[in-house]
């Protein structure tokens, strides 16, 4: 049983250990997780932007390969939409395997 004169020292030591534990077990891992989430969000954004640009390039390629005319241009948009849906389906199928 500690003496009453040692009690303030023990309380101070307990508070220091508690602060150190909280810092090591919660704050530091949360910082690492936040950093990882930030990089993941940025990477996802860049990949989504790249997919949009590739979809536009594919659409322009298909429309450019078809003859001139409003009907052909509309068909190019429809064909490129189906192509992007097919690519998305193939990617999702490959990811779920």
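A few notes on this one:
- Cα long-axis angle, helix 7-22 against the chain (0 to 90 degrees, to the nearest 10): 10 degrees
- Base-10 log of normalised Debye intensity for the chain (one unit scatterer per alpha-carbon) at q = 0.13, 0.17, 0.24 Å⁻¹: -0.72, -0.90, -1.14
- Estimated inter-spin distance, residue 11 and residue 37, nm [label 7 Å along Cα→Cβ]: 3.7 nm
- Helix 28-65 axis, angle to the chain major axis (alpha carbon atoms, nearest 10°): 0 degrees
- Taking the C-alpha atoms only, the angle from helix 70-96 to the longest principal axis of the chain is near 40 degrees.
- Helical contribution to [θ] at 222 nm, DSSP H n ≥ 4, -39,500 (n - 2.57), averaged over the chain, rounded to 500: -30000 deg cm²/dmol
We did not get these values from a lab; they are worked out from the coordinates using the rules stated. Fair warning: this is a prediction, and the values are worked out from it, not measured in the lab. Neighbour counts run over all protein chains shown; Cβ positions are idealised from the backbone, glycine included.
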